[in-house]
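Okay, structure first, notes after.
The values are calculated or read from the model by the stated rules, or taken from the named source; none is laboratory data. Just so we're clear, the structure is a prediction, and the values are computed from it rather than from any experiment. Counting neighbours? That spans all protein chains shown, and the Cβs are built from the backbone with ideal geometry, glycine included.
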Amino acid sequence: MCEPIQIIYDVKALEGTCYVELKPGKYTGNHWNKDSIYFSDETFSFFSFAIEKHYKRYSLFGVSEISMQTWGLIIAELEKLKSILQNNPNIAELKKHLVFLLEEITEKNFLKDFHENINRLIRVITELQTWVMNTSKKHDFISILGI
């Protein structure tokens with residue numbers, strides 16, 4: 001893990017371009033919006049299985065405009081992932097539910113501080129769930145702007 005598992009709220013804190021942006025509403029052609037939230041590509045890849053299960057056209061490298069109805073299904077899937085994480089899984093079990101983007105590198109770095117990374121991931125999932133629920137009050141879509 002090159003960057004900590006976290007949500008980045010300030011676009012000015014981004015270094016480089018390997019970030020995934022979650023933008024309230026549909027894609028408008030603009031990136032780096034101040035009302036968006038951001039994740040490192042490695043962190044966001046942990047959610048790939050949950051997203052792909054309910055939005056088949058998802059790609060980490062493209063734009064996905066996802067309705068709030070579908071986000072509800074994704075959030076429920078992330079809740080299942082949190083439950084798995086809270087039950088002290090081993091790495092073999094985790095690999096059934098998480099994508100390690102840079103495979104061996106991401107996995108090796110995740111293992112270095114395994115329990116703390118599990119806890120960080122649980123916190124980020126909870127934070128993401130809250131953000132999606134709050135965003136759903138004002139928007140019908142959340143767009144994923146991939147790397």
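In table form, for the structure just shown:
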read-out	value
Verdict on T106 being of a type in the set (S, T, Y), within 18 Å of G146 (Cα to Cα) and part of a helix (DSSP H, G or I)	no
Positions within segment 13-68 being assigned to a helix (DSSP H, G or I) and not small (G, A, S), in sequence order	D41, E42, T43, F44, F49, I51, E52, K53, H54, M68
Of residues in segment 96-107 being closer than 14 Å to T43 by Cα and modelled with pLDDT under 85, the one surrounded by the fewest Cβ atoms within 10 Å (Cβ to Cβ)	E103
From I84, I122, residue being farther than 19 Å from V20 by Cα, part of a helix (DSSP H, G or I) and modelled with pLDDT of 95 or more	I84
Looking only at segment 108-135, and only at residues there that are β-branched (V, I, T) and touching a residue at least 24 places away in the same chain (Cβ under 8 Å), the one that is surrounded by the fewest Cβ atoms within 10 Å (Cβ to Cβ)	T126
Options K112, K138, K80; residue that is under 20 Å from K53 (Cα atoms), more than 13 Å from the chain's Cα centre (by Cα) and among the basic types (K, R)	K80
Test: residue in segment 136-145 that is among the small types (G, A, S), over 20 Å from K23 (Cα atoms) and either surrounded by fewer than 14 Cβ atoms within 10 Å (Cβ to Cβ) or touching a helix residue (DSSP H, G or I) at 6+ places or on another chain (Cβ under 6 Å) (or both)	no
Pairs, first buried (at least 17 other Cβ atoms within 10 Å of the Cβ) in segment 32-59, second of a type in the set (S, T, Y) and at pLDDT 95 or above, C-beta under 7 Å, six or more apart	I37/Y9; H54/T70; Y55/S64; Y55/T70; Y58/S64
Qualifying residue in segment 21-29 (condition: among the basic types (K, R) and over 16 Å from T135 (Cβ atoms))	no
Looking only at segment 51-67, and only at residues there that are among the small types (G, A, S) and at pLDDT 95 or above, the one that is nearest to the chain's Cα centre (by Cα)	S64
